[in-house]
Structures are given as structure tokens and as C-alpha cells.
Amino acid sequence: MGKDVIVACDFSSKEQVLSFLDKFEGKKPFVKIGMELYYAEGPSIVKEIKARGHKIFLDLKLHDIPNTVKKSMAVLSRLDVDMTNLHAGGTVAMMKAALEGLTREDGTRPILIAVTQLTSTSQESMETDLLIKEKMEDVVMHYASNAKLAGLDGVVCSPLEAEAVHNRCGKEFITVTPGVRFADGDIGDQKRVMTPAEAKKIGSDYIVVGRPITAAEDPVSAYERCVLEFVD
Ligand code: C5P
């Protein structure tokens with residue numbers, strides 16, 4: 001599995017995202033399209049960015065009954081995205097259905113990864129709101145194992161969990177890790193962060209980087225710095 005830097009394009013309009021990508025000229029970073037941009041612009045934004053030659057991680061975090069998720073994944077697969085995701089909390093049956101829906105007639109499909117517990121969920125809110133009394137790290141590892149059992153390719157997780165996920169689910173099981181900051185950068189609202197170089201050392205397969213690139217004075221050199229630290 002090739003290591004790569006995925007740029008979180010958290011913009012709310014086509015104009016903003018395309019003018020951001022125009023700055024990269026010949027370069028074609030792997031792009032993450034999230035709910036904000038997708039709900040604002042619809043499938044056409046995925047097609048347009050894909051047609052410009054970028055790989056796409058469509059981060060819509062599906063969670064519904066298995067049949068609905070299966071059919072929705074079939075639609076997303078036809079958009080020719082390279083990676084997409086769902087909530088492991090939707091059960092193993094839902095994840096298996098998603099994988100079936102995602103698989104194209106020729107047997108190819110995008111990479112499918114699961115969100116375990118959102119990093120915004122605390123131990124306390126998990127216990128109080130969700131009535132899950134286990135330790136957060138045990139829940140995360142259990143959900144990662146369920147994703148593997150269902151046949152998924154990996155999970156989104158904190159860089160701090162990547163090593164444990166690999167130990168539990170195998171080196172081939174992909175870890176996609178947000179929460180990345182430069183050593184001399186602003187951490188913003190992220191609580192537990194790692195530098196691209198540290199993420200490489202602990203074995204992350206892909207890092208997802210948003211504001212350290214999108215809000216940088218020079219986004220292209222910020223992206224190149226990430227690639228240099230993480231990939232090269
Ligand atoms: O700007 P920043 O680098 O913090 O962006 C990180 C990206 O990764 C955002 O799109 C955010 O929604 C996403 N993400 C995250 N933490 C998770 C899952 C996704 O920061 N646990």
C-alpha cells in the first residue's frame with residue numbers, strides 16, 4: 001500500500017476548492033472531499049476533481065440499514081472515487097453490505113475504511129450518551145477488528161492508535177490518520193497531534209492534512225513539506 005498525503009479540502013463551494021487546487025499547477029495531490037463540499041455541490045464536484053487527475057477520498061461516513069448503505073455505495077462507486085468510508089458502529093452486516101455495493105461488475109472497487117469512534121466522542125459521552133461502558137481504546141480496537149472481519153481495508157484513526165491497529169489487524173490493514181501538524185505549527189482544535197515524520201515512523205499509511213495546508217500562506221510548499229516528511 002503506497003503511503004500518501006491526503007489533502008482535506010474542507011471548502012463550501014466549487015469556486016473555493018478549484019481555485020485552491022489551481023495553485024498546485026502540475027501536481028495532483030490526493031484530495032479528501034467531505035460532507036460540506038459534497039452537500040454543497042453534489043456528485044459533479046467529485047467528477048470535476050477526478051477529471052483533473054486527482055485521486056479522491058470521499059469522506060461521507062455512511063451509517064444506515066445494510067440495504068440502504070449497499071445501494072448508496074454502488075452509486076458512490078460509479079463516481080470512480082479511490083477511497084470512501086462508513087461508521088463501523090453500523091455493524092458487521094452493514095459493512096459487508098457496503099463492500100458488496102461498492103464492488104463493480106469487473107471486480108474492482110474503491111478502498112473502503114471505517115470510522116471507529118469519532119475523536120470528538122469522549123469516554124464520558126460514550127458512556128452517558130451511547131451506554132458503552134468499555135474503555136475507549138478497547139472499543140476502537142474492537143470496531144477495527146469488526147471492520148477487518150467484514151472484509152474492509154482499514155480504519156480512520158488517530159496516529160496514536162495506528163500502531164495498535166496494525167498489531168491487532170495486521171500490517172496490511174490500512175490506517176488513515178488525521179490530526180497531523182507541523183512541529184512548528186498551530187494545532188488549532190485538534191487535541192492529539194503528530195507531525196508527518198512521526199506519523200511515518202509509527203506506520204500510518206495515509207495522513208489526512210487540512211488546515212496546515214489549506215490555511216498556509218504557501219499551500220503548495222506546505223504540501224511538499226508533508227510529502228517530504230511523510231513519503232520520501
Ligand atoms: O484541518 P485539519 O488538518 O484538522 O483537518 C483534518 C480533517 O480530518 C478534517 O477534514 C476532519 O474532519 C477530518 N477528521 C479528523 N478527525 C477524525 C476524523 C476526520 O480531524 N477523527
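The values are calculated or read from the model by the stated rules, or taken from the named source; none is laboratory data. Just so it is clear, the model here is predicted, and its values are computed rather than measured. So basically every Cβ, Gly included, is an ideal-geometry build from the backbone, and we count neighbours across all protein chains shown. What goes into the accessible areas is simple: the full protein's heavy atoms, side chains included, and nothing from ligands, DNA or RNA. Shrake-Rupley method; radii C 1.70, N 1.55, O 1.52, S 1.80 Å.
Determine the order of 213, 65 by accessible area, beginning with the largest, at a probe radius of 1.4 Å. Can you show the working numbers first?
On the way: 213 0, 65 100 Å².
Greatest to least solvent exposure: 65, 213.
List the equivalent ellipsoid semi-axes of the range 57-134 in whole Å, largest first, each obtained as the square root of 5λ for an eigenvalue λ of the Cα gyration tensor. All intermediate terms of the calculation are to be shown ahead of the outcome.
Details: eigenvalues 147, 31, 15 Å².
Sorted largest first and rounded, they come to 27, 12, 9 Å.
Give the residue from 112, 83, 51 lying farthest towards the positive end of the charge dipole for the range 27-116; charges sit on Cβ (+1 for Lys and Arg, -1 for Asp and Glu) and the dipole is referred to the Cα centre.
Selected residue: 51.
About its Cα centre, how strong a charge dipole does the range 58-179 have in debye, to the nearest 20, once Lys and Arg get +1 and Asp and Glu get -1 at the Cβ?
Working: 12 positive and 17 negative charges, 70 e Å.
Using Cβ point charges on Lys, Arg, Asp and Glu, the range 58-179 gives about 340 debye.
The range 1-55: which GluC sites (Glu not before Pro) are DSSP loop and have at most 13 other beta-carbon atoms within 10 angstrom?
On the way: sites: 15, 25, 36, 41, 48; in loops: 25.
Filter output for the range 1-55: 25.
Taking every DSSP beta bridge with both residues inside the chain, roughly what % is antiparallel (nearest 5)? Provide the component values of the computation, followed by the final result.
Numbers: 0 of 28 bridges.
In the chain, approximately 0 percent of DSSP beta bridges are antiparallel ones.
Please list, in order along the range 171-177, the HN-Hα scalar couplings obtained from phi with the Karplus expression 6.51 cos²θ - 1.76 cosθ + 1.60 (θ = phi - 60°), rounded to whole Hz, x for Gly and Pro.
Ordered by residue, 3J(HN,Hα) equals 5, 6, 6, 6, 10, 10, 10 Hz.
Find the eigenvalues of the gyration tensor of the Cα atoms of the range 127-197, then list the square roots of 5 times those eigenvalues as equivalent ellipsoid semi-axes, largest first, in whole angstrom.
Working: eigenvalues 112, 65, 16 Å².
Semi-axes from the Cα gyration tensor: 24, 18, 9 Å.
Using the basic label-point model (7 angstrom from Cα toward the beta carbon), what is the residue 125 to residue 93 distance in nanometres?
If labels sit at residue 125 and residue 93, their model points lie 2.8 nm apart.
Output the relative contact order of the range 8-98, whole-number percent, from Cα pairs under 8 angstrom with separation of 6+ residues.
On the way: 117 pairs, mean separation 24.2, N = 91.
Over the range 8-98, the number comes to 27 percent.
Straight-line reach from residue 61: which aspartates and glutamates have Cα under 18 Å away, leaving out those fewer than 8 places along the same chain?
Within the straight-line limit of under 18 Å, residue 61 reaches these aspartates and glutamates: 10, 36, 41, 80, 82, 100, 153.
Taking only C-alpha pairs under 8 Å that are 6+ residues apart, what is the relative contact order of the range 90-232 in percent?
Taking the mean separation of contacting Cα pairs over the length of the range 90-232, I get 18 percent.
Provide Rg and Dmax in Å for the range 100-228, with only Cα atoms included in the calculation.
16.2, 48
Dipole magnitude of the chain about its Cα centre, charges +1 at Lys/Arg Cβ and -1 at Asp/Glu Cβ only, in debye to the nearest 20?
600 debye
Magnitude of the Cβ-charge dipole of the range 160-217, K/R +1 and D/E -1, about the Cα centre, nearest 20 debye?
Values: 8 positive and 9 negative charges, 34 e Å.
The dipole magnitude comes to about 160 debye.
Volume per residue, Å³, of the convex hull around the alpha-carbon atoms of the chain? Before the final figure, lay out the partial values.
Numbers: hull volume 29.5 nm³, N = 232.
Looking at the chain, the number lands at 127 Å³ per residue.
Would you please state which residues of the range 212-226 a label at residue 22 would reach in this model, taking the label point 7 Å out along Cα→Cβ and a backbone N cut-off of under 16 Å?
So the set is 219-220.
I'd like to compare 156-169, 66-79: which one has the highest average count of other Cβ atoms within 10 Å, and what's the full order after that? It would help to have the intermediate numbers written out before the result.
Working: 156-169: 19.9, 66-79: 16.6.
Per-residue mean Cβ counts within 10 Å order the peptides as 156-169, 66-79.
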